[in-house]
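Colleague: Here you go, one structure.
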Amino acid sequence: MPDNFCDLFGDRIKSERLRLNFQQLAFAEACEVSRGALLKWEKNEASPNAHALALMSKLGVDVLYVVTGQHAVVSEVNLAPAERVLLQAWRDSGVKGRALLTAAADVLRPDS
């Protein structure tokens, strides 16, 4: 592994926090740490422990990515809570509901 491998933890934690639309304080509280601890993680001055990583996972953080830099295969387990709600809405929908969700997804999808 490169010497600076762990230096990327902070960048990846911040990237995941932002992807999930968490403010620093809310994310720190959800990980049961102080905002100062989160800031140290994001500045690569400290690393989260296993308990914090487990809590992050429950929030939808791709912990494999945080630790290794490799994205996990997307599964229901590592979806953010809001993504799970959308997936459940899809599953619970009839034909019209799925058509509406598909149309909304098409509008939200960035231009390719």
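Computed from the coordinates by the stated procedures, all read-outs in this text should not be read as laboratory data. Computed from a predicted structure; not experimentally measured. Because the Cβ atoms are built from the backbone with ideal geometry, glycine has one as well, and the counts that use them run over all protein chains shown.
Colleague: Where the centre of each part is set by its Cα atoms, how far does the range 15-37 sit from the range 46-98, in angstrom?
Modeller: Between the Cα centres of the range 15-37 and the range 46-98 lies a distance of 15 Å.
Colleague: In the neighborhood of Leu101, defined by Cβ-to-Cβ distances under 13 Å, what is the net charge if each Lys or Arg adds +1 and each Asp or Glu adds -1?
Modeller: Residues close to Leu101 contribute a combined charge of +1.
Colleague: Within the range 88-109, what residues put their amide N at less than 20 Å from the label point 7 Å along the Cα-to-Cβ vector of Ser75?
Modeller: Label zone hits: 88, 91.
Colleague: Here is a follow-up. For the chain, what is Rg from Cα atoms divided by 2.2 N^0.38 Å, rounded to two decimals?
Modeller: 1.25
Colleague: Can you give the local net charge around His71? Use residues other than it whose beta-carbon is closer than 15 angstrom to its beta-carbon, Lys and Arg +1, Asp and Glu -1.
Modeller: -2
Colleague: Where is the GNM fluctuation largest for the chain (alpha-carbon springs, 10 angstrom cutoff): Gly97, Gly60, Gly36?
Modeller: Of Gly97, Gly60, Gly36, the most mobile in the Gaussian network model is Gly97.
Colleague: To continue, here is another question. Among the lysines, which have Cα under 26 Å from the Cα of Lys40 when same-chain residues fewer than 8 positions away are ignored?
Modeller: Once the sequence-local lysines are set aside, what remains near Lys40 is Lys14, Lys58.
Colleague: Would you mind calculating the gained length between Asn21 and Ser47 on full extension (0.36 nm times residue separation, minus the Cα-Cα distance), in nm to one decimal?
Modeller: My answer for the length gained is 7.3 nm.
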